[in-house]
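The values are calculated or read from the model by the stated rules, or taken from the named source; none is laboratory data. Keep in mind it's a predicted model, so treat the numbers as computed, not measured. Here the Cβ positions follow ideal geometry from the backbone for every residue, glycine too, while neighbour counts run over all protein chains shown. Heads up: the accessible areas ignore ligands, DNA and RNA and are worked out on the full protein's heavy atoms, side chains in. Shrake-Rupley method; radii C 1.70, N 1.55, O 1.52, S 1.80 Å.
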Amino acid sequence: MSIPTIEWEGGLDGKAKLIDQTLLPGELKFIYCDNKECMWEAIKTLRVRGAPAIGIAAAMGTYLGIRDVSVNNFNDFFLKLKEVSSYLGTARPTAVNLFWALERMEHTAQAFRTEPLDTIKEFLFEEALEILGEDRDSSKKIGEYGATLIPKGSTIMTYCNAGGLATGGYGTALAVIYAAKEQGKVNRVFVCETRPLLQGARLTSWELMQAGIDVTLICDNMAAHVMAEKKIDAVVVGSDRIAASGDAANKIGSYGLSIIAKEHKVPFYVAAPISTFDMKIEKGSEIPIEERSPDEVTFITGHRIAPEGVKVYNPAFDVIPAENIRAIITEKGIVKEPNTERVKKLVEG
Ligand code: MRU
């Protein structure tokens, strides 16, 4: 992305600068967070969203939460840090990158426990920026690996937003599209609108159009028809958490899309950094699925579209079974036909 989704402005006493994604595509506005509450709210309300970007926000939020803590010893400092971590961890449950980043910040503090507290704070600041920098690099590599799977003249379908807006760099699924496009392999991209919050319509079509890519927007229920018409050569999506088996949680609707792709023999790819793997979880059924407000279903961009009082079920994610995934693309390489053995070899090898 030419405009970073999330960055740090200033030095140790600076602030996080984020694109408010709830306002796109109508308005490109930034918010500035200089405390943990602001960051929690930004994650919770999807001002910042997408698994890797949530991880970066959590790391910066941790630093913001401990920057002004004044205690006399490391144990008290670490207790405060744990409080900040637990608080930020309540913002959203599914994207493991959030918890991965919080744990990384805790490990950093522990690694420097014998240093003066101000020095530990500096190390935590640097760690948050390091997480941002690493994410930029890994999204580039994901793009390079992923492009090798895309044939010349391809039409690709994508879902939700796994682009620059969702990461510190080029994205995951969209990084694959950008890299393949640079190699002259992409003719066109079909974007599913992605109800309820329309990340596909609002964010992905905006982002791809900014990059000069030929975008066609469809409603989610048009995907099967478009695949039956043989218009799609590959589906590429991101992920919020991948179990050791290769089962991958992603935006609600991804599971259905993977079934449709399988039925039409269209390769279905998941692109994600290693920080999205949760090797403590064997299978996708163990992944916690966030449930969000009924209003996200009964309203579309502020307009009520269902009767007041109707019962609503609003799971924000579903799980793509590994057997529906042709390959998982990471910054460390590609796992074809993922299963526990192959995933472990790549992630832990
Ligand atoms: O609820 P969201 O918008 O945070 O959901 C985002 C997704 O499902 C993305 O596909 C996923 O986080 C991968 S982003 C690189």
*asked:* Kindly evaluate residue 115 against the criterion of being away from the ligand (no atom under 16 Å from the Cβ), outside the structural domain of residue 290 (by TED's automatic domain parsing), more than 22 Å from residue 235 (Cβ to Cβ) and open to solvent by less than 40 Å² (accessible area, probe 1.4 Å).
replied: no
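Considering only residues of segment 218-247 that are among the acidic types (Asp, Glu) and surrounded by fewer than 19 Cβ atoms within 10 Å (Cβ to Cβ), which is nearest to the ligand (Cβ to nearest atom)?
Selected residue: 220.
Do we find that residue 128 is within 16 Å of the ligand (Cβ to nearest atom) and either buried (at least 17 other Cβ atoms within 10 Å of the Cβ) or at pLDDT 95 or above (or both) in this structure? Lay out the reasoning, then the answer.
Details: within 16 Å of the ligand (Cβ to nearest atom): no; either buried (at least 17 other Cβ atoms within 10 Å of the Cβ) or at pLDDT 95 or above (or both): yes.
Answer is no for this residue.
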Scanning segment 248-297 residue by residue, those away from the ligand (no atom under 13 Å from the Cβ), among the β-branched types (Val, Ile, Thr) and in contact with a Pro (Cβ under 8 Å, 6 or more places away or on another chain) turn out to be 297
Only one of (1) in the same structural domain as residue 235 (by TED's automatic domain parsing); (2) within 16 Å of the ligand (Cβ to nearest atom); (3) out of contact with any Leu (no Cβ under 7 Å at 6 or more places or on another chain) does not apply to residue 159, and that is (3)
Taking segment 266-296 and keeping residues over 26 Å from residue 131 (Cβ atoms) and open to solvent by less than 40 Å² (accessible area, probe 1.4 Å) leaves 266, 267, 268, 296
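Results for (1) closer than 25 Å to residue 133 by Cα; (2) in contact with a Gly (Cβ under 7 Å, 6 or more places away or on another chain); (3) open to solvent by less than 10 Å² (accessible area, probe 1.4 Å); (4) modelled with pLDDT under 95, shown as yes or no for each residue.
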| position | (1), (2), (3), (4) |
| --- | --- |
| 171 | yes, yes, yes, no |
| 174 | yes, yes, yes, no |
| 189 | no, no, yes, no |
| 195 | no, no, no, no |
| 199 | yes, no, yes, no |
| 208 | yes, no, yes, no |
| 211 | yes, no, no, no |
Those residues of segment 101-110 which are without any contact (Cβ under 8 Å) to a residue 24 or more places away in the chain and either β-branched (Val, Ile, Thr) or farther than 21 Å from residue 6 by Cα (or both) amount to 107, 108
**Residue within segment 45-57 that is out of contact with any helix residue (DSSP H, G or I) (no Cβ under 6 Å at 6 or more places or on another chain) and open to solvent by less than 20 Å² (accessible area, probe 1.4 Å) present** = yes
Of the conditions (1) within 16 Å of the ligand (Cβ to nearest atom); (2) surrounded by fewer than 19 Cβ atoms within 10 Å (Cβ to Cβ); (3) under 20 Å from residue 151 (Cα atoms), the single one that residue 183 does not satisfy is (1)
Among residues of segment 324-342 being out of contact with any helix residue (DSSP H, G or I) (no Cβ under 8 Å at 6 or more places or on another chain) and in a helix (DSSP H, G or I), the residue surrounded by the fewest Cβ atoms within 10 Å (Cβ to Cβ) is 341
Among 255, 313, 269, the single one that is assigned to a strand (DSSP E or B), modelled with pLDDT of 95 or more and of a type in the set (Ser, Thr, Tyr) is 269
Scanning segment 324-336 residue by residue, those more than 20 Å from residue 52 (Cα to Cα) and touching a residue at least 12 places away in the same chain (Cβ under 8 Å) turn out to be 324, 325, 326
